[in-house]
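The values are calculated or read from the model by the stated rules, or taken from the named source; none is laboratory data. Keep in mind it's a predicted model, so treat the numbers as computed, not measured. Cβ placement follows ideal geometry from the backbone for every residue including glycine, while neighbour counts extend to all protein chains displayed. These area figures cover heavy atoms from the full protein model, side chains too; ligands, DNA and RNA do not enter into them. Shrake-Rupley method; radii C 1.70, N 1.55, O 1.52, S 1.80 Å.
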Protein chains: 4
Amino acid sequence: MSKFILNINCPDQKGIIASVTNFIHLNAGNILYIDQYVDRENKLFFMRLECEFINGDFTENEFHTTFGETIVKKFNLTYELYNKDIRPVMALFVSKYDHCLYDILARYMSGELFVKIPFIISNHKDLESIAERFDIPFYHIPVTKENKAIAEVQQLKLLKDHGVETIVLARYMQIVTGKIIDEYRNKIINIHHSFLPAFPGAKPYHSAFDRGVKIIGATSHYVTEELDAGPIIEQNITQVTHLNSIQDFIAKGRDLERIVLSKAIQLHLARKVMVYQNKTVVFS
Amino acid sequence: MSKFILNINCPDQKGIIASVTNFIHLNAGNILYIDQYVDRENKLFFMRLECEFINGDFTENEFHTTFGETIVKKFNLTYELYNKDIRPVMALFVSKYDHCLYDILARYMSGELFVKIPFIISNHKDLESIAERFDIPFYHIPVTKENKAIAEVQQLKLLKDHGVETIVLARYMQIVTGKIIDEYRNKIINIHHSFLPAFPGAKPYHSAFDRGVKIIGATSHYVTEELDAGPIIEQNITQVTHLNSIQDFIAKGRDLERIVLSKAIQLHLARKVMVYQNKTVVFS
Amino acid sequence: MSKFILNINCPDQKGIIASVTNFIHLNAGNILYIDQYVDRENKLFFMRLECEFINGDFTENEFHTTFGETIVKKFNLTYELYNKDIRPVMALFVSKYDHCLYDILARYMSGELFVKIPFIISNHKDLESIAERFDIPFYHIPVTKENKAIAEVQQLKLLKDHGVETIVLARYMQIVTGKIIDEYRNKIINIHHSFLPAFPGAKPYHSAFDRGVKIIGATSHYVTEELDAGPIIEQNITQVTHLNSIQDFIAKGRDLERIVLSKAIQLHLARKVMVYQNKTVVFS
Amino acid sequence: MSKFILNINCPDQKGIIASVTNFIHLNAGNILYIDQYVDRENKLFFMRLECEFINGDFTENEFHTTFGETIVKKFNLTYELYNKDIRPVMALFVSKYDHCLYDILARYMSGELFVKIPFIISNHKDLESIAERFDIPFYHIPVTKENKAIAEVQQLKLLKDHGVETIVLARYMQIVTGKIIDEYRNKIINIHHSFLPAFPGAKPYHSAFDRGVKIIGATSHYVTEELDAGPIIEQNITQVTHLNSIQDFIAKGRDLERIVLSKAIQLHLARKVMVYQNKTVVFS
């Protein structure tokens, strides 16, 4: 009996929770988790629900049909239904830094991340040996000003051929191009090595060091057309002092980047993140 | 027998620590605390030392004379000597927010802050009753575009008449004018309700809310001519989620502001903060 | 039009959320906030709801009657209804430490704590001047082995005469007696200066120092018959190093105690805390 | 030209810093880092110094001879001299949990940990494939009540044959026997999955869950004869709520254990940890 995740959003109206929970019950469904959030100022309703359907005849198609004819119409509702048994397909983009890659692959190998990683793409060859160590196909796609369009075509082909649903930029140092962002709206997770919106762009540790901050951070966010400005999923910080050199900032930052990126990936794969107005609702 | 704090900085050279500690010992001094920091890149040396002189004849004047003729000349050294028995004189500037004021006054009354607070200056009358409750003189000095110069004259007169050494802006909402900054270089402590350099200026909680950050912060720094850009003394953060409204950000922020401002005041009064290149060395 | 908070708990069953929300709507009520938690292992359901009733005729008594005849019976439900306009009556017990007292009184005076504090009880006279400064009646009730029973009678009389609903032990150093715990089950909030269950009882900072921990904490909990073992409401920590003396632990601890105790008080007064199996459910 | 780390401790006396720094200078040494700590209550002095000797003739043997004849005798001083160019030899002991192992091996492969890991010992075969993936020899040494002595002999032989200096218990679930603790006093680093001294021993996450704490932690410490009671090197925490199941505690705890264990290893390998009175001095 499959478990499902149902994410819903719509204008806030009376009776949504009751209607949705009744629908589940009427179809011999069992609710395992339910949480909702109402943005009362903007009158928007968000809900995340986990359930299982005891009746084997009630398929996903039937869900879409019956749910669409009733609840969706009544409340002008948008939803996503996810089957928890199906491993999401997630590709990794890397450059030269290996710490985030190792962290993700370790969680993958140990079963902590319930995904399928079909390949790793990189604009450098440096990390190819790590991909080999973990038996994952590695594609070296160099990126220059001249070949940007071609590189994008190659990347998109790989993504499409493997049915990739989520892209993780694990300290990938190239800017992701518009076509890919379009195809993967709110599905490209990036890790930026600062506490956004402080120090966007290049060399944030150097800027943080020059500013003499006493705290550095890392931020995971969905990629949008504007650099380091997409909806934030997760952030964390660590303390620094005058004793810490830029090298220390970078070293401490590596641990932050690992933890924050993996946390964001887990939240995303668990379908706990919903985006609106360039911000995220993150369910517990 | 008085205890002293000696803060030193100079170009890094061989033998400074030995020379200074020998000087203390030769004058029947006892070292109670010693810490140093070397910025090897810029070849700068910083030291903080606490000591007591057993020989009652060795006065502060003698210290300045003998130390100046020997160690200072040899190492081209800058220093400050503080007598730990003397209460520093610290004035408070406030506007309408009372949380930082209450926090400072509570620590003052309980003896936690070893200072003398001769008066509170405010551009509004709102907090006068709090000053009365704590028996501290309150001066209402309104500030407008037109009277800025006159207000500054009044403020400076009060500061000079009372021998004020440190100024704390406890959510004081007016920009401090140039003459006061000049007179009190690295002696005006401000609390800014964001994690600088993110969200400088007005309404940082609103900006943080709109950006959808998952962490908000507060920063205490010395005031310079550039708004919210002075050397950072202390920072701290707290987590926020989509469930938190702007009002929640502000409420959570109040606790941060209390703690961060008081921490910065304590570090400053303990003479643990040394400034260079718009950054701070903060001794433990 | 009054706003109400409705806290509910019962065995988990289908249809509770729908029934309760329908009840609110049927009585011309508007739901402003709703959150629930299901302990699936123990099959227990908890809900917190804020609402307002537009129909002036629908009084609290009517709520109790109609709600009791229908929803309560159907689901075997326990509930509490709170009127948000009514200031809860909260008494403070203190001994000699003043930091938590000052913190609570500051929030009280600034309007941050929506309570009525009718008096402060203390087993010492030390803090009487603070009570006077804030114009709050102060009752000195000394406690010795011999007079424990009499002291309890005096305390209970004051509590009853003033209609006190919540008691806050703000570093009150006496053990609260059984009769008071009985009368105020889950309504006596204590602050313990350690990260429970580490270092219960006396002198936790000394014990933490001897153990060489790198983190110290403070814990706020409801008082039960067993010392420092009641349901935990809030905890927080700060880092320490070998450089910190016991005095430093105590100083750092004071800030933690302030923040943790006030946080617990706010959560309790906002009716966000529900207790079961010696643990708390804390709604956002 | 080799870089050295010199760790010193002795009874606190006048002139130690001057004597040691003069010794370095007299032998054409250059001080790159110096930090000291004085426990004034116990009158103990600790120093950590990094330096390089320009004169190629001044070997380690010469250092031991001249330093021993002068400074050591004069101050009754204990010291350790480490050559920064020599990779410390560090063995790993594991059982079935893989997260700490992966974390350490990733840092090893990327060059972040400057060590030589000659082998991994385990009482189970489960993690053998990970050792193979990273090309590190794996020795399966099962441990039962009956064979404890024999297992210890095998472990000690491997440790001695490979010149192991440091042992890391990366969620190794067997109690380390007395002979090994004796041979490796303050050189066996363990990770315990709680915030010691809370919840020592088995199943700390279960105990933490039952107690209803709002914070869980991990602690890294040197192993002594008493279980989970050795000197603490590093601790960290994360917040939990009623929404978190025991599985959530365990999952969150894994990240803590990774970070805390690796931090402790780095501090130990950098020779920044000095032990006395069952506590640690940890230099920055």
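Scanning the stretch A:109-129 for residues that are outside any loop (DSSP other than H, G, I, E, B) and either at pLDDT below 95 or outside the structural domain of A:Asp255 (by TED's automatic domain parsing) (or both) gives a single hit, A:Met109.
Considering the stretch A:182-203, and only residues there that are surrounded by 15 or more Cβ atoms within 10 Å (Cβ to Cβ) and within 13 Å of the chain's Cα centre (by Cα), the residue that is farthest from A:Ala149 (Cα to Cα) turns out to be A:Ile191. Just one of the listed residues (C:Val213, C:Val260, C:Val282, C:Val273) is closer than 19 Å to D:Asn236 by Cβ and within 15 Å of the chain's Cα centre (by Cα), namely C:Val260. Looking across the stretch C:152-166 at every residue that is assigned to a loop (DSSP other than H, G, I, E, B) and over 15 Å from the mean Cα position of the chain (by Cα), the one that is nearest to the other protein chains (Cβ to nearest Cβ) is identified as C:His162. Here is a list: C:Ile150, C:Ile71. Which entry is surrounded by 18 or more Cβ atoms within 10 Å (Cβ to Cβ) and aliphatic (A, V, I, L, M)? Answer to the check: C:Ile71. Residues in the stretch D:15-31 that are without any contact (Cβ under 8 Å) to a residue 12 or more places away in the chain and among the polar types (S, T, N, Q): D:Asn22 alone. Selection of the stretch A:86-98 for residues being closer than 21 Å to D:Ser110 by Cβ and open to solvent by less than 10 Å² (accessible area, probe 1.4 Å) yields A:Leu92, A:Phe93, A:Val94, A:Ser95. Residues that are open to solvent by less than 10 Å² (accessible area, probe 1.4 Å) and touching a residue at least 24 places away in the same chain (Cβ under 8 Å) within the stretch B:104-125 comprise B:Ile104, B:Leu105, B:Arg107, B:Leu113, B:Val115, B:Ile117, B:Phe119, B:Ile120, B:Ile121, B:Ser122, listed in sequence order.
For the stretch B:32-59, taking the residues that are open to solvent by 30 Å² or more (accessible area, probe 1.4 Å) and free of Cβ contacts under 8 Å to residues at least 24 places away in the same chain, the one that is nearest to B:Thr280 (Cα to Cα) is identified as B:Glu41. One residue alone among B:Ser220, B:Ser284 is open to solvent by 50 Å² or more (accessible area, probe 1.4 Å), farther than 30 Å from A:Met274 by Cβ and not charged (D, E, K, R), and that residue is B:Ser284.
Restricted to the stretch A:167-284, the set of helices (runs of 4 or more DSSP H) holding at least 1 residues that are modelled with pLDDT of 95 or more and within 14 Å of chain B (Cβ to nearest Cβ) comprises A:204-211, A:246-269.
Just to be sure, is A:Asp135 open to solvent by less than 50 Å² (accessible area, probe 1.4 Å), out of contact with any Gly (no Cβ under 7 Å at 6 or more places or on another chain) and of a type outside the set (A, V, I, L, M, F, W, C)? For A:Asp135, the condition - open to solvent by less than 50 Å² (accessible area, probe 1.4 Å), out of contact with any Gly (no Cβ under 7 Å at 6 or more places or on another chain) and of a type outside the set (A, V, I, L, M, F, W, C) - is not met. Right, A:Leu159: open to solvent by less than 70 Å² (accessible area, probe 1.4 Å) and more than 29 Å from A:Phe249 (Cα to Cα) or not? Yes, satisfied. Candidates in the stretch C:1-37 are the residues that are small (Gly, Ala, Ser) and closer than 25 Å to A:Glu50 by Cβ; of these, the one that is nearest to the other protein chains (Cβ to nearest Cβ) is C:Ala18. With the condition kept exactly as written, say whether any residue in the stretch B:261-270 is of a type outside the set (Ser, Thr, Tyr), buried (at least 21 other Cβ atoms within 10 Å of the Cβ) and closer than 27 Å to B:Val38 by Cβ. So far as the stretch B:261-270 goes, yes, one or more of its residues are of a type outside the set (Ser, Thr, Tyr), buried (at least 21 other Cβ atoms within 10 Å of the Cβ) and closer than 27 Å to B:Val38 by Cβ. Listed conditions (1) under 30 Å from D:Ile86 (Cβ atoms); (2) touching a residue at least 12 places away in the same chain (Cβ under 8 Å) are all met by D:Ile175, apart from (1). Within the stretch C:83-99, if we keep just the residues that are at the interface with another protein chain (Cβ under 10 Å from one of its Cβ atoms) and in contact with a Leu (Cβ under 9 Å, 6 or more places away or on another chain), the residue that is nearest to C:His192 (Cα to Cα) turns out to be C:Tyr97. When the stretch B:93-108 is examined, which residues are found to be among the hydroxyl-bearing types (Ser, Thr, Tyr) and assigned to a helix (DSSP H, G or I)? Of everything in the stretch B:93-108, those that are among the hydroxyl-bearing types (Ser, Thr, Tyr) and assigned to a helix (DSSP H, G or I) turn out to be B:Tyr102, B:Tyr108.
Looking across the stretch D:3-16, the residues that are in contact with a helix residue (DSSP H, G or I) (Cβ under 7 Å, 6 or more places away or on another chain) and either over 19 Å from D:Arg271 (Cα atoms) or surrounded by fewer than 17 Cβ atoms within 10 Å (Cβ to Cβ) (or both) come down to D:Gln13, D:Lys14, D:Ile16.
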